[in-house]
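Heads up: the structure comes next, in C-alpha cells.
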Amino acid sequence: MQTEKQPGYKFSEIIADPVIRKRWEKVQKYFFLRESTYDMSNRCNIRCEGCYYFAGESKKQFADENRDPAAWKQLFEAEKERGITFVVLAGAEPALAPELCRVCFDVIPLGAIATNGLKPIPQDIDYRIHISTWGNDTTSLAVRKAPDMLVRQMENYKDDPRAVFVYTFSPVNIDEAREVTELLAKGGQQITFNMFSAPVGYNGHLRHTPETLAQTRRVMTELLAEFPTTVLFSPYNILAHTEEKGLHELFSCSYPRMNPSTDIGLGRSFRQYRTDLAWDREAACCVPDTDCDDCRHYAAGSAVVTARMYRHATDPATFSAWLDYVDTYLAVWVRGYDKGKNLCEHPVIPIG
Amino acid sequence: MNARVTTDRDSPWFSGHFPEDPILPGIGLLNMVADCIAAAKEETIVMAGLGRVKFRKIVRPGEQLDILATSDNKRDQYTFRITSGGQDVCSGIMRFTPQENPQVNNSEVMSNEISQTITRIAAIIIDELKLEDVTPETFDADLDLVDEVGIDSMDLATIALVLRDEYGIRIDEDDYPKLTTVRIIAEYIDNKLKSSE
C-alpha cells in the first residue's frame, strides 16, 4: 500500500527528544484555554494616533457603556458556562472600570488586561497586565499626546509580577525599542513585541513597509539576543511577525471575522463583546477593525500561529520553533507561567 | 422503563471481585440495564454500543438498585440511570441492534476493518484526552466529539498527529471541522487509505 508523502519525522519521533517532550508537555497543559475579549469601557484617558479602539468602521467606540456590575457578572457566568476559560479585557481603557474587571476576575480567574498603564489596576485583580508602549517618551508625547508615559507606567507597575510591557513597533519608533528595553531591563521588568497593524482605511505614516519590517526584524533579533530575560519573544516570533505576508496570509486566521466555520476552535467559541455587552460575529477578532491584510498583531499571532500545530510537526527544528512561539504566548498571557529558554535559536521560515 | 433490583449476595460476580471486598463490577451493572431493557422490549436484542458512561458509586452485595431507562429519539438508543437510595450509581447511553438477522441492514453494520479503526481511534482519544470511565470498546463512535466529549481544535490537532503516525496519512487542517465523530474520522481514514492504494 502506498500512502501520501509524509514529513521526514513521525510526531512520536519528534517528541521522543527529551528536551522537546518536556516543553511539549509543559505547553500542552494549557490547551484548555478558550479565549474571548471584552471592551470594559468606551472611555480613555489619552487619545493615540491610529488607536485600535477609536479608529475603524465597526462602530464599537459608539456602543453604550453598561456599567452595571450585576449585568457583567451575569455575562461572565454565561461565558464560563459556554466554556470560556480565558478573558482579555480591553478598551478603550479597562483601568477606568476596575470594578467590572474585578467582577470578571471573580468568575473567570485566567486572563489579561490591555491597558495604557497610566492608572494602576488594583492588585487583587490578578490577571496578566499588558502595558502598551509605543516608543520612548518623546515619541509617546507626539503620538499619544501624553507626557512621561514610560516613566509613569514603570512607576505604576514597579515590582509587579502581573506586568509585561508590550512594545508596538511602528515605522517611527524602531530604533527607540533599544532605549525602552534597556530601561525596563534596569527596572527588572519584562517586555514583549507587537507590530503596528493598520486599522481598516488607515494609510498614515505608521503603516509598515517592506523596509521597516526588515529593520524591525533586525532590531528585535538584537534585543532578544542581548536581553534574553527581559524580552519575552523567540526567533520564530520575530520571523512570523515581520514577514511581508501578514498573519492571515501565512497561517489563515481562525478568528470568526475571517473564518466562517462554527464547528470547532476560535470560529466556534470566540466572541468580542462591546461595552453594551453585545457582540457581532462579522467583527469578532482580537483587534477588531484591523486591516486583515496588514495584521501582525501579537494577540492574533498568539491564537493563529498556536492553532497551526499540525503543519509545524514536520521535523524537530520546526516543531521546536513552534513550541518557542507557544511558550512565549503563554508567558505573555498567563499569570505564573514562566518562559523557558528558546529551543530553536536559528531562523525557521514561517510555515504558510 | 423502571426496574428495581436487589443484588444477589451469592452472585458469582462477587466471588472474585474482590475476595473479602465484594463489589459489583461495572460490566455487571451494564448487563443489568441491558437485561431490563430487553425484557421491557420483549425481544432479543444485542448491545451495540455505549456512550458517556459514568460510574459514581460502588455497589455491594444485597444493595437495592433502581434502574431508569428512557428511549431516546434515536432508534434503539436508551439513556439510563441507576440509583441506590437516591445516590447516583451509574449513568450513560446504551445502543442496541435486533439480534435476528443483524446483518440485513448493511448501513448499520460496520465492516471489521472500520470497526477496528474506530476502536483504535477511540483508544487514541481516550489516551490523549485522559478520559476516564470509558474504554475503546465502550466509546460511542457516534458521540459528537466537540459537543459531547468537549474536545477543541488543539486536541484535534494532537489526535490528527497521532493518527498521521499510525496510518501514514495527512489530515488537512481544513478538514478538522468535518471530523465530528470517531466514526466519521474512521471513514475519513479509510477513504484516505483507499485513495492512496
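The values are calculated or read from the model by the stated rules, or taken from the named source; none is laboratory data. Keep in mind it's a predicted model, so treat the numbers as computed, not measured. Every residue, glycine as well, gets a Cβ built from its backbone with ideal geometry; the counts of neighbours run over all protein chains shown. Note: areas computed on protein heavy atoms with side chains; ligands, DNA, RNA excluded. Shrake-Rupley method; radii C 1.70, N 1.55, O 1.52, S 1.80 Å.
Quick one: accessible surface of A:E211, probe radius 1.4 Å, all protein chains present, in square angstrom to the nearest 10.
Approximately 130 Å² of A:E211 is accessible to the 1.4 Å probe.
From the square roots a ≥ b ≥ c of the eigenvalues of the alpha-carbon gyration tensor of the protein assembly as shown, which class results: rounded (a/c under 1.5), prolate (a/b over b/c), or oblate?
prolate
Would you mind getting me the FRET efficiency between B:T44 and A:R218? Use the beta-carbon distance for r and R0 = 60 Å, nearest 0.05.
With a Förster radius of 60 Å, E is 0.20.
For region B:2-98, what does the accessible surface come to per residue with a 1.4 Å probe? Please give it in Å².
I get 55 Å² per residue for region B:2-98.
Go ahead and estimate [θ] at 222 nm for chain A from helices alone: -39,500 (n - 2.57) per DSSP H run with n ≥ 4, summed, over the residue count, rounded to 500.
-10500 deg cm²/dmol
In a GNM of chain A with a 10 Å cut-off on Cα contacts, which of A:Q190, A:Q123, A:Q272 has the highest mean-square fluctuation?
Highest fluctuation of the listed residues: A:Q123.
I need the calculated FRET efficiency for the pair B:E166 and A:Q123, taking r as the beta carbon distance and R₀ as 60 Å, to the nearest 0.05.
For B:E166 and A:Q123, the calculated efficiency is 0.75.
Karplus couplings for region B:24-36 from phi (6.51 cos²θ - 1.76 cosθ + 1.60, θ = phi - 60°), rounded to Hz, Gly and Pro as x?
6, x, x, 4, x, 4, 5, 4, 4, 4, 4, 4, 5
Of the candidates A:E244, A:E65, A:E81, which one comes out as most mobile in a Gaussian network treatment of chain A with C-alpha springs shorter than 10 Å?
Highest fluctuation of the listed residues: A:E81.
Can you give the accessible area of A:F196, probe radius 1.4 Å, in Å² rounded to 10?
Roughly 0 Å² of A:F196 is accessible to a 1.4 Å probe.
For the interface of chains A and B, what total accessible area is buried with a 1.4 Å probe, rounded to the nearest 100 Å²?
In total, chains A and B hide about 2600 Å² from solvent.
Calculate the FRET efficiency for A:I349 and B:K194 from the Cβ-Cβ distance with a Förster distance of 51 Å, rounded to the nearest 0.05.
Working: r = 34 Å, r/R0 = 0.67.
Plugging the Cβ-Cβ distance into 1/(1 + (r/R0)^6) gives 0.90.
Can you give me the long-range amide H partners of B:V53? Hydrogens built in the peptide plane at 1.01 Å from N, cutoff under 5 Å, separation of 5 or more residues or another chain.
Close amide H contacts, sequence-distant or interchain: B:I93.
Compute the Cα gyration tensor for region B:2-98, then decide on rounded, prolate or oblate, letting a ≥ b ≥ c be the square roots of its eigenvalues: rounded whenever a/c is under 1.5, prolate when a/b is larger than b/c in the other cases, and oblate in all that remain.
prolate
Less than 16 Å apart at the alpha-carbon level, and either on another chain or at least 8 residues along: which aspartates and glutamates does that give for B:K178?
B:K178 reaches A:D263, B:D142, B:D144, B:D147, B:E148, B:D152, B:D155, B:E187, B:D190.
Under 24 Å Cα-Cα from A:K339, which lysines qualify once same-chain neighbours fewer than 8 residues away are excluded?
The qualifying lysines are A:K22, A:K26, A:K29, A:K158, A:K186.
From the helices alone, meaning DSSP H stretches of at least four residues, give me the mean residue ellipticity at 222 nm for chain B, per-run term -39500 (n - 2.57), in deg cm²/dmol to the nearest 500. Can you show the working numbers first?
Numbers: 5 runs with 67 residues, N = 197.
That calculation yields -11000 deg cm²/dmol at 222 nm.
Please give the helix B:153-167 orientation as an angle from the longest Cα principal axis of chain B, in degrees from 0 to 90, rounded to the nearest 10.
80 degrees
Applying the Karplus parametrisation 6.51 cos²θ - 1.76 cosθ + 1.60 with θ = phi - 60° to the phi angles of region A:73-84, what ³J(HN,Hα) value in whole Hz is obtained for each residue in order, glycine and proline being reported as x?
Along region A:73-84, the couplings run 4, 4, 4, 5, 5, 5, 5, 4, 4, 8, x, 6 Hz.
Compute accessible area for region B:174-197 by itself and then with all protein chains, 1.4 Å probe, and report residues whose area falls by 20 Å² or more.
Buried on complex formation: B:Y176, B:P177, B:K192, B:L193, B:S196, B:E197.
Roughly to the nearest percent, how much of the accessible area of the protein assembly as shown is carbon and sulfur, given a 1.4 Å probe? Please list the in-between numbers first.
Numbers: 12120 of 24380 Å².
In the protein assembly as shown, the share of accessible area belonging to carbon and sulfur is 50 percent.
From other protein chains only, count the Cβ atoms within 10 Å of every residue's Cβ in B:145-156, then give the mean.
Per residue, the number of nearby Cβ atoms from other chains is 5 on average.
At a 1.4 Å probe, which residues in region A:274-316 are at least 40 Å² less accessible with all protein chains present than in their chain isolated?
Hits at the 40 Å² cut-off: A:M309, A:Y310.
For the Cα atoms of chain B, what angle does the longest principal axis make with the long axis of helix B:182-195, in degrees from 0 to 90, nearest 10?
Tilt of helix B:182-195: around 30 degrees.
Which of A:N194, A:N116, A:N45 ends up with the largest GNM mean-square fluctuation for chain A, with Cα atoms connected below 10 Å?
A:N45
Could you rank A:K80, B:K54, B:K192 by how accessible they are, 1.4 Å probe, largest area first?
A:K80, B:K54, B:K192
Can you spot the aspartates and glutamates whose alpha carbon is less than 18 Å from A:K119's alpha carbon? Ignore those fewer than 8 places along the same chain.
Partners within reach: A:D39, A:E93, A:E99, A:D137, A:D148, A:E155, A:D159, A:D160.
Could you go through region A:136-142 in sequence order and give the Karplus-derived ³J(HN,Hα) for each residue, using 6.51 cos²θ - 1.76 cosθ + 1.60 with θ = phi - 60°, rounded to whole Hz, and x for Gly and Pro?
6, 5, 5, 5, 4, 5, 6
Output the antiparallel fraction of DSSP beta bridges having both residues in the protein assembly as shown, as a percent to the nearest 5.
In the protein assembly as shown, approximately 55 percent of DSSP beta bridges are antiparallel ones.
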